[in-house]
1. Among the helices (runs of 4 or more DSSP H) lying completely within the range 1-105, list those that include at least 1 residues that are among the acidic types (D, E), in contact with an Asp or Glu (Cβ under 9 Å, 6 or more places away or on another chain) and surrounded by fewer than 11 Cβ atoms within 10 Å (Cβ to Cβ).
2. Any residue in the range 71-79 that is within 10 Å of the chain's Cα centre (by Cα) and more than 22 Å from G7 (Cβ to Cβ)?
Amino acid sequence: MSAPRPGRAALKDRYGDLYERVEEILFRHDPVGINLGDNRDEYDPEVDTILPRLKRCESVVQVRDVVFEEFARWFDGIDIGPRERYAKAAEEIWAAYLDYHGRDPGLADIDSDESARS
């Protein structure tokens, strides 16, 4: 039996500014076209399930895959487009996540490249 998923208020408390940043990134990029201009919280369910999965990501490609997978799950049966549609949002989410943890987003690719060569 898995542990119950935390509620949105708990996630917002836990992630603070990162929650709002990811929410804003998804709203701005609007990968499935539901941004009506005043419904900023429309992507909150996706943010709720994306954020906990980021801790297992080691690259922007993995973040893109997580974002794509969560959109596929939440918008089951709706054409959500190709994975590449999520690349720009994933880059920004990865940078925000690294910044949230006090890491330099500019060094992330260098770190990944060096560990891949080892």
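Every read-out reported here was derived from the displayed coordinates using simple, explicitly stated rules and does not represent laboratory data. Bear in mind that the values here come from a model prediction, so they are computed numbers and not experimental data. All Cβ positions, even for glycine, are placed from backbone atoms using ideal geometry, and neighbour counts span all protein chains on display.
1. none
2. no
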